[in-house]
Amino acid sequence: MQISPLLLVFAAAIVTFVLLQAFGGRQGLTAPNAGKAAQVVAALLASINIAGVVGLVWFAAGMLANDGVMVIELSICAGLIAMLVSLTACGVLLARRGISGGGLTLLAVGSLPTLFVYAFLVYLDFNPIDWR
């Protein structure tokens, strides 16, 4: 039985969320005066973004290993990775500085497309396209 890469990325998201919650505390992702709900939402959205980065790195590495150097496709992956990392870093920084709404918005901007892409990939995993 082959383990699905999507399952491994999902496991990475869960582990990241648990680690962000465990070590969040007073030095967490949001300002100390923010509510517990804002801290949980910030950790959830950041873990989704980090899982998206892991998935893109996995995809780029697989493409590099199987197909060789494909400059345009690897550049697109690198740009998407840089965008997700910067959105996550800026969102966490804004949330930590006390601008919770702006921080959560930036984190959501990165995580919602990531969720939609992974949901579509899970759909394709269970319902493969017949190309005949």
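Could you say whether any residue in segment 62-70 is under 18 Å from F10 (Cβ atoms) and open to solvent by less than 50 Å² (accessible area, probe 1.4 Å)? Looking for residues that are under 18 Å from F10 (Cβ atoms) and open to solvent by less than 50 Å² (accessible area, probe 1.4 Å), one finds at least one in segment 62-70, hence yes.
The residue pairs whose first member lies in segment 96-116 and is on the phi > 0 side of the Ramachandran plot, whose second member is surrounded by 14 or more Cβ atoms within 10 Å (Cβ to Cβ) and not hydroxyl-bearing (S, T, Y), and whose beta carbons are closer than 8 Å, counting only pairs six or more residues apart or on different chains, are G98/A31; G98/A34.
Considering only residues in segment 92-111 that are in contact with a helix residue (DSSP H, G or I) (Cβ under 7 Å, 6 or more places away or on another chain) and among the hydroxyl-bearing types (S, T, Y), the one that is most open to solvent (accessible area, probe 1.4 Å) turns out to be S100.
The values are calculated or read from the model by the stated rules, or taken from the named source; none is laboratory data. This is a predicted model, so every value here is computed, not measured. Cβ atoms come from the backbone with ideal geometry, glycine included; neighbour counts cover every protein chain shown. With ligands, DNA and RNA removed, areas are computed over all heavy atoms of the protein, side chains included. Shrake-Rupley method; radii C 1.70, N 1.55, O 1.52, S 1.80 Å.
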